[in-house]
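Some notes on the structure that comes next.
The values are calculated or read from the model by the stated rules, or taken from the named source; none is laboratory data. Fair warning: this is a prediction, and the values are worked out from it, not measured in the lab. Heads up, the Cβs are rebuilt from the backbone with ideal geometry, glycines too, and the neighbour counts pull from every protein chain shown.
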Amino acid sequence: MRRPRHTSSFPPPGRSHVRHAPGYTMIEMMFVVIVITLVVALTAGVTDSLKSNRGTTAMQQLVSVMDSGRAKALAGQQEIWIAFANGEARAPAQAFRSYAVCYSIEDDNLPEGQRSILLPLTGWEHLPTGFVFTLTAPALQSAGQNLMSHPAAAKRVRFSASNPAGMGNLPCIRFGTLGEVEQPEGGGTLLLAVAEGEVRGSIPVKMTGGGHEPAYCRWLSVQRNTGKAVLLP
């Protein structure tokens with residue numbers, strides 16, 4: 001005798017109507033974890049590489065500007081200075097990020113004794129976003145003096161010709177006609193330190209806050225007797 005065919009829309013007795021989706025095996029899950037880990041590592045590596053490249057480019061541009069100012073002094077042009085923006089900087093300069101080749105002028109509209117000021121010759125240039133000049137002292141005191149905190153480096157600078165009232169006392173280097181550093185006066189090598197960071201309350205700090213350690217910075221040395229700018233390893 002033949003069994004009658006089941007025609008009901010319900011599953012026959014003893015059979016489940018639930019369909020189970022195929023699950024991931026342990027090997028498949030491990031593979032996914034490895035891929036995610038690699039993507040995160042590669043992304044972090046690319047970001048660090050880009051930051052490193054921008055930092056290297058910033059230092060090379062800084063050396064180029066220093067050499068340009070020195071060359072102008074060697075050519076017997078005006079009294080040539082290079083000014084670096086500190087916390088007194090105002091637009092178009094940016095605090096602890098800008099620098100400019102400057103020349104000296106006498107402004108008769110200013111009070112006597114304050115008429116000698118500097119004016120940008122080529123406009124302000126800036127470090128890449130995320131980089132600042134630091135106030136950090138070198139690990140070895142004998143290595144030199146950070147220009148940004150040099151007590152004798154301040155010079156009155158007008159930020160732009162279009163705003164006579166916009167001035168501040170900025171750390172500056174003056175080159176002589178032989179290319180040597182004439183100011184700030186004193187012995188020892190002059191240094192500039194650049195690092196990743198930002199400006200908070202007119203002070204350069206790390207992105208996470210706090211001052212920069214010497215090992216965290218990129219260093220540029222300026223020899224007094226020659227005026228040559230050299231990147232330190």
**Prompt:** Looking at region 25-38, is at least one residue surrounded by 14 or more Cβ atoms within 10 Å (Cβ to Cβ), at pLDDT below 85 and over 23 Å from LEU192 (Cβ atoms)?
**Reply:** no
**Message:** So LYS72 ticks every box in (1) closer than 30 Å to ASN225 by Cβ; (2) assigned to a helix (DSSP H, G or I); (3) at pLDDT below 80 but one. Which box is left unticked?
**Reply:** (3)
**Fill in**
Within region 91-106, of all residues that are assigned to a loop (DSSP other than H, G, I, E, B) and of a type in the set (A, V, I, L, M, F, W, C), the one surrounded by the fewest Cβ atoms within 10 Å (Cβ to Cβ) is ALA91
**Complete:** With criteria (1) buried (at least 17 other Cβ atoms within 10 Å of the Cβ); (2) closer than 18 Å to VAL63 by Cα, GLY123 comes up short on (1)
**Unmet requirement for MET66, which otherwise passes all of (1) out of contact with any helix residue (DSSP H, G or I) (no Cβ under 9 Å at 6 or more places or on another chain); (2) surrounded by fewer than 18 Cβ atoms within 10 Å (Cβ to Cβ); (3) at pLDDT below 95** = (2)
**Prompt:** Can you find a residue in region 152-172 that is touching a helix residue (DSSP H, G or I) at 6+ places or on another chain (Cβ under 8 Å) and either among the aliphatic types (A, V, I, L, M) or in contact (Cβ under 8 Å) with a residue 40 or more places away in the chain (or both)?
**Reply:** yes
**Asked** Can you name the residue in region 185-202 that is under 26 Å from LEU140 (Cβ atoms) and out of contact with any Lys or Arg (no Cβ under 8 Å at 6 or more places or on another chain) and, of all such residues, is surrounded by the fewest Cβ atoms within 10 Å (Cβ to Cβ)?
**Response** GLU185
**Prompt:** Got a number for residues in region 181-233 being of a type in the set (Gly, Ala, Ser) and touching an Asp or Glu at 6+ places or on another chain (Cβ under 6 Å)?
**Reply:** 1
**Asked** Out of all the residues in region 122-145, is one or more within 19 Å of ASP107 (Cα to Cα) and either part of a strand (DSSP E or B) or among the aliphatic types (A, V, I, L, M) (or both)?
**Response** no
**Message:** Pairs needed: first member in region 209-233, within 23 Å of LEU178 (Cβ to Cβ) and in contact (Cβ under 8 Å) with a residue 40 or more places away in the chain; second member anywhere, of a type in the set (Val, Ile, Thr) and part of a loop (DSSP other than H, G, I, E, B); C-beta distance under 9 Å; at least 6 residues apart or different chains.
**Reply:** SER221/THR189; VAL222/THR189; GLN223/THR189; ARG224/THR189
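Per-residue answers, yes or no, for (1) of a type in the set (Gly, Ala, Ser); (2) under 16 Å from VAL157 (Cα atoms):
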| site | (1), (2) |
| --- | --- |
| THR56 | no, no |
| GLN61 | no, no |
| ASP67 | no, no |
| LYS72 | no, no |
| GLU79 | no, yes |
| ALA91 | yes, yes |
| ARG97 | no, yes |
| ILE117 | no, yes |
**Fill in**
Going through region 126-167 in order, the residues found to be under 22 Å from GLN223 (Cβ atoms) and in contact with a Phe, Trp or Tyr (Cβ under 6 Å, 6 or more places away or on another chain) are PHE133, MET148
